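The values are calculated or read from the model by the stated rules, or taken from the named source; none is laboratory data. Here the structure is a predicted model, which is why all the values come from computation and not from measurement. Cβ coordinates were reconstructed from backbone atoms using ideal geometry, including for glycine residues, and neighbour counts include every protein chain displayed.
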Amino acid sequence: MAVCDAAAKGRLGYDPWLHTPNQAAALRLACGKAGARAVAIDSNPIDAVWHDQPLPPVTPIVPHDIAFAGASSAEKRSRIAEILRSDKQDAAFLAQPDSIAWLLNVRGNDIPFSPLPLSFALLHRDARVHLFVDPRKLDEVAHAHLGSAVMASSPASLAAALDMLGSAGKSVRVDPDAAPEWVARRLRAAGAVVAAAADPCALPKATKTPTELAGIRAAHVRDGAALSRFLCWLDTAAASGQLSESAAAERLASFRAAGEHYRGPSFPTISAAGAHGAIVHYRVSRATDAVLEPDSLYLVDSGAQYLDGTTDVTRTVCIGRPTEEMRERFTLVLKGHIALATARFPRGTTGSQLDALARIALWRAGLDYDHGTGHGVGFYLGVHEGPQRISKLPSREPLQPGMVVSNEPGYYKADAYGIRIENLVAVTSPITSSSGEHAMMGFETLTLAPIDRRLVVHQMLDDDEAAWLDSYHARVASELAPLVDSATRAWLLAATRPIRQTG
């Protein structure tokens, strides 16, 4: 909710490039209630005094091979253009770099941890695209890939292109939650009809194709092998009492970097020892770098960008002997993870309707966690992707087959330890059982890595939960054992033994 502290009859300036139409509307409403006005400014005063402001990044735009993408840019442009024609719109303004990268089958390196080129684009109803990007990012290979249906211009020419649409009275689709308000204001001033609607690429991008899903599965197998090598190494390295958070994160990165199609981490690794694990978005620094101490928990949340998929996985492991409280609360989190992983639900179900499944075991114990249960994940794009999510927050977007989302319940005891178990899952197609009246969707677990069975109180698991964990571990061992060295293989087979067999 926007808050306005301006005095009555005062004027509060805001930069329309830095606010979406919906954000600006909320700001104007808040100021109006205070008896003031919110006023869009032509130039940001911060820019006038920020003399050492970094220059915009200029990194090459590279084609993303159709062998990974699964569909050509022409096919995607035609598909989205059909949406515009169906909605009686002449063009769509695309503000999100991941939408543009997906639509044109390109990638870049302008944004840390995400393979995206910064740009804007106009998609027309005839499937032509006007791309606004620094021309230094495009070489002959990139121009040839884009083809004649994509015209590239400098970002400085955006205003003239919007004015041209306006002067012709065109209807232009603008996402009120993603585009700069400056774009909507410019279009209206020029005479265009601004159609407020969601980014037309967002939903098609989120519902992965069979080719994309096959790539994501393959990426997770390689990623799981790297993570297993790390966890095997960790068991020995942490026993010394000298291993730091930063050293552990660096070693994990080195295991991943050896994998095929690896292009870097998908976000800064959360390498959190002991009490740092209770800080949900902890990031190790020289000032905070802690040692993994005996009889504690270590939480590592990490991921990678591969040409064929994006990964994000969290494992919590014990260093030495865990307390009974640690084991009990880990098991409650695991029960929530399994409840969501095994959920069945009809078409039209949103993530907010499923969120309680991951929390119910914790709630019964009077516990909870203060973050969402799942976020969408892109295909070699952003590790966070909408419109899908699993959260207490209301959601209007139903889960659809092909969407990838995280399953990551947790528990955090301030100044003591943190627990999170995260796998990525894909929404499966509806299946009608022989006795059922409704076709039900579910989740396919994509992530492959052992869950620390030393932290599981097996008596707290019912038969179905134990069976899920044993089946998951059997799959982990089967798929990863052929890819790892003999020492890791031996560790992996021990780490994935059936939970009921030894307790």
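Among the residues of the stretch 339-375, those that are under 21 Å from the mean Cα position of the chain (by Cα) and β-branched (V, I, T) comprise T349, T350, T373. Once the stretch 211-269 is narrowed to residues that are in contact with an Asp or Glu (Cβ under 8 Å, 6 or more places away or on another chain) and among the basic types (K, R), the residue that is nearest to L480 (Cα to Cα) is R222. Please specify each residue of the stretch 150-165 satisfying the condition of being among the small types (G, A, S) and under 16 Å from P16 (Cβ atoms). If the condition is that a residue be among the small types (G, A, S) and under 16 Å from P16 (Cβ atoms), then A159 is the only one that fits. Within the stretch 23-38, track down each residue that is surrounded by 15 or more Cβ atoms within 10 Å (Cβ to Cβ) and within 34 Å of the chain's Cα centre (by Cα). Across the stretch 23-38, the qualifying residues are Q23, A24, A25, A26, L27, R28, A30, C31, A38.
Inspect all residues belonging to the stretch 132-155 and state whether any of them is closer than 24 Å to A71 by Cα, in contact with a Phe, Trp or Tyr (Cβ under 7 Å, 6 or more places away or on another chain) and surrounded by 19 or more Cβ atoms within 10 Å (Cβ to Cβ).
Within the stretch 132-155, one or more residues are closer than 24 Å to A71 by Cα, in contact with a Phe, Trp or Tyr (Cβ under 7 Å, 6 or more places away or on another chain) and surrounded by 19 or more Cβ atoms within 10 Å (Cβ to Cβ).
Examine the stretch 238-248 for a residue that is among the hydrophobic types (A, V, I, L, M, F, W, C), within 17 Å of E422 (Cα to Cα) and within 25 Å of the chain's Cα centre (by Cα), and state whether such a residue exists. No.
A Cβ distance below 6 Å, combined with a sequence gap of six or more or placement on separate chains, defines the contacts here; from the stretch 412-429, residues that are free of Cβ contacts under 8 Å to residues at least 12 places away in the same chain and buried (at least 22 other Cβ atoms within 10 Å of the Cβ) reach no residue that is part of a loop (DSSP other than H, G, I, E, B) and acidic (D, E). Checking V183, V194 one by one, the residue that is outside any helix (DSSP H, G or I) and among the β-branched types (V, I, T) is V194 and no other.
Being closer than 24 Å to Y417 by Cβ, in contact with an Asp or Glu (Cβ under 7 Å, 6 or more places away or on another chain) and not polar (S, T, N, Q), is that true of even one residue in the stretch 452-459?
Looking for residues that are closer than 24 Å to Y417 by Cβ, in contact with an Asp or Glu (Cβ under 7 Å, 6 or more places away or on another chain) and not polar (S, T, N, Q), one finds at least one in the stretch 452-459, hence yes.
Is it true that T288 is among the β-branched types (V, I, T) and either touching a Lys or Arg at 6+ places or on another chain (Cβ under 9 Å) or part of a loop (DSSP other than H, G, I, E, B) (or both)? So T288 fits the description; yes. If only residues of the stretch 435-486 that are hydroxyl-bearing (S, T, Y) and over 28 Å from L213 (Cα atoms) are counted, the one that is surrounded by the fewest Cβ atoms within 10 Å (Cβ to Cβ) is S435.
The C-beta contact set for the stretch 249-274 (first residue assigned to a helix (DSSP H, G or I), second residue hydrophobic (A, V, I, L, M, F, W, C) and modelled with pLDDT of 95 or more, distance under 6 angstrom, 6+ apart or interchain) comprises L252/F230; F255/A226; F255/F230; R256/A226; R256/A304. Given the structure, is A225 among the small types (G, A, S) and either buried (at least 21 other Cβ atoms within 10 Å of the Cβ) or without any contact (Cβ under 8 Å) to a residue 12 or more places away in the chain (or both)? Answer is yes for this residue. Of the residues examined, A218 is one that is of a type in the set (A, V, I, L, M) and not in a loop (DSSP other than H, G, I, E, B).
For the stretch 198-212, what are the residues that are in a helix (DSSP H, G or I) and over 18 Å from S72 (Cβ atoms)? If you could, list the steps in order and put the result at the bottom.
Going through the stretch 198-212, the residues in a helix (DSSP H, G or I) turn out to be 202-206, 210-212.
Matches in the stretch 198-212: A202, L203, A206.
The set of residues from the stretch 329-364 being touching a strand residue (DSSP E or B) at 6+ places or on another chain (Cβ under 8 Å), more than 17 Å from H438 (Cβ to Cβ) and not hydroxyl-bearing (S, T, Y) comprises R329, F330, L332, V333, H337, L340, A341, G351, D355, A358, L362. Only one of R315, R283, R251 is closer than 25 Å to R453 by Cβ, basic (K, R), surrounded by fewer than 20 Cβ atoms within 10 Å (Cβ to Cβ) and in the same structural domain as Q459 (by TED's automatic domain parsing); which? Of the residues listed, the single one that is closer than 25 Å to R453 by Cβ, basic (K, R), surrounded by fewer than 20 Cβ atoms within 10 Å (Cβ to Cβ) and in the same structural domain as Q459 (by TED's automatic domain parsing) is R251.
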